[in-house]
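Down below is the structure, laid out as structure tokens.
The values are calculated or read from the model by the stated rules, or taken from the named source; none is laboratory data. Computed from a predicted structure; not experimentally measured. For neighbour counting, all protein chains shown are included, and Cβ atoms are generated from backbone atoms with ideal geometry for every residue, glycine included. Just so you know, the surface numbers come from the protein's heavy atoms only, side chains and all, with ligands and any DNA or RNA stripped out. Shrake-Rupley method; radii C 1.70, N 1.55, O 1.52, S 1.80 Å.
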Amino acid sequence: MNSEKQLEIGKVSQFIVKRETDISYTLSPLDPDLTNYVFLHFNQATRRLNPGELINAFLYYDQKKRLCATMEKPLITTETFDFVKIVDINPAGVFVNIGISKDILLSSDFLPKQKKLWPLVGESIPCTLRVKNTSLVAKPIIKNQHKTKKLSIDETYSATVINISDDGIVVCTKSFNTIFIHKSLIRKTFRVGEVISVKVININKKGEYNGTTIERKETSRLSDSEIILNYLKTMGGSIPLGNASTPEEISKIFKMSKSAFKRAVGALYKNRLIKIEDNLITLI
């Protein structure tokens, strides 16, 4: 591995100012095992520097793939994440402002195939950075990777759409909790970057959240069978209820009586949509 690859691209590191040239400062890594010199252009320095001074600088690649440094503080790094604003859109993806003079590409690889579902200029999405060859690129945070607070079942939260798939969408709250919404619990098409209201309806054993965008008044118009079927799809095809479940266990999840639950489950079973056991119902 060569020494340049050992430098922490996309991170803020410490450097010693070695000398000043006509257009820039020459920086040396504080780590004595690294021998690379890094150039800090005058317009990337937040103040006048002196040789021998120890500074913090962020490393990135410029438009010509050259390694550069800036004293501007980035909003995100390869180790941190935050909401960053979309500032431009082109066929390769969208560019986000991370707080330095160079905007960073969020590749179309991380966006829906349909461009009408891409975020709009001015919207913000939660991202982190990663190094790809000689480029620094943005990447949306991964589902359930970052959680900073506990959400409550039946509470409604404002969240940003960060991923769209055939199964549903993933949204991210302001506190960076991610919530999966199954397609059966969505009544309109959303875009990445769009801020929506979502109600948490379940927390699974892994601590992952499931939600819905359907309002209670709309849910009330659904039949009991449709409610159970939608919930099964949201939960990955199985729920820990069945013939032996108590009225309290049923009411805790579905807010319906045991007789109503048995009628609804019976209809699904008759239509060969589910398999029923004493304490388990699974989709067929």
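Condition test on Ser107, is it under 21 Å from Glu8 (Cβ atoms) and either hydroxyl-bearing (Ser, Thr, Tyr) or open to solvent by 60 Å² or more (accessible area, probe 1.4 Å) (or both)? Even if it seems obvious, please write down each step before you answer.
Working: under 21 Å from Glu8 (Cβ atoms): no; either hydroxyl-bearing (Ser, Thr, Tyr) or open to solvent by 60 Å² or more (accessible area, probe 1.4 Å) (or both): yes.
Here the answer is no, as Ser107 does not meet what is asked.
Please work out if Val200 is touching a residue at least 24 places away in the same chain (Cβ under 8 Å), open to solvent by 50 Å² or more (accessible area, probe 1.4 Å) and either of a type in the set (Ser, Thr, Tyr) or within 16 Å of Tyr157 (Cα to Cα) (or both). Before you say what the answer is, go through the steps one by one.
Values: touching a residue at least 24 places away in the same chain (Cβ under 8 Å): yes; open to solvent by 50 Å² or more (accessible area, probe 1.4 Å): no; either of a type in the set (Ser, Thr, Tyr) or within 16 Å of Tyr157 (Cα to Cα) (or both): yes.
So Val200 fails the test.
Need a quick list: strands (runs of 3 or more DSSP E) entirely within the stretch 117-187 having at least 1 residues that are modelled with pLDDT under 95 and open to solvent by 80 Å² or more (accessible area, probe 1.4 Å). Please lay out each step first, then the result.
On the way: elements: 124-132, 135-140, 156-164, 168-173, 178-182.
Ranges flagged: 124-132, 156-164.
Hey, Ala69 hits all of (1) open to solvent by 10 Å² or more (accessible area, probe 1.4 Å); (2) over 21 Å from the mean Cα position of the chain (by Cα) but one; which does it fall short on?
Condition (1) is where Ala69 drops out.
Considering only the stretch 76-85, I want to know if a residue exists there that is over 30 Å from Ile142 (Cβ atoms) and surrounded by 12 or more Cβ atoms within 10 Å (Cβ to Cβ). Write out each step before concluding.
Restricting attention to the stretch 76-85, the residues satisfying the condition of being over 30 Å from Ile142 (Cβ atoms) are none.
No, that holds for no residue.
Checking Phe190 against (1) within 15 Å of the chain's Cα centre (by Cα); (2) at pLDDT 90 or above: exactly one of these is not met. Which one?
Going through (1) within 15 Å of the chain's Cα centre (by Cα); (2) at pLDDT 90 or above one by one, Phe190 breaks only (1).
If you scan the stretch 79-88, which residues turn out to be over 12 Å from Gly99 (Cβ atoms) and at pLDDT below 95?
Within the stretch 79-88, Glu79, Phe81 meet the criteria.
Does at least one position in the stretch 246-254 carry a residue that is of a type in the set (Phe, Trp, Tyr) and more than 23 Å from Ile186 (Cα to Cα)? Walk me through it before giving the result.
Taking the stretch 246-254 as the starting set, the residues that turn out to be of a type in the set (Phe, Trp, Tyr) are 254.
Retained after the next criterion (residues that are more than 23 Å from Ile186 (Cα to Cα)): none.
No, because not a single residue in the stretch 246-254 is of a type in the set (Phe, Trp, Tyr) and more than 23 Å from Ile186 (Cα to Cα).
I'd like the full set of residues that are part of a loop (DSSP other than H, G, I, E, B), buried (at least 17 other Cβ atoms within 10 Å of the Cβ) and among the small types (Gly, Ala, Ser), limited to the stretch 1-60.
Gly10, Ala45
Give just the number: which of (1) open to solvent by 40 Å² or more (accessible area, probe 1.4 Å); (2) touching a strand residue (DSSP E or B) at 6+ places or on another chain (Cβ under 9 Å); (3) not acidic (Asp, Glu) does Pro91 not satisfy?
(2)
Would you pick out the residues in the stretch 229-282 that are open to solvent by 60 Å² or more (accessible area, probe 1.4 Å), under 17 Å from His182 (Cβ atoms) and at pLDDT 85 or above?
Leu273
The conditions are (1) touching a Phe, Trp or Tyr at 6+ places or on another chain (Cβ under 8 Å); (2) surrounded by fewer than 17 Cβ atoms within 10 Å (Cβ to Cβ), and Gly99 fails exactly one of them. Which is it?
Answer for Gly99: the failing condition is (1).
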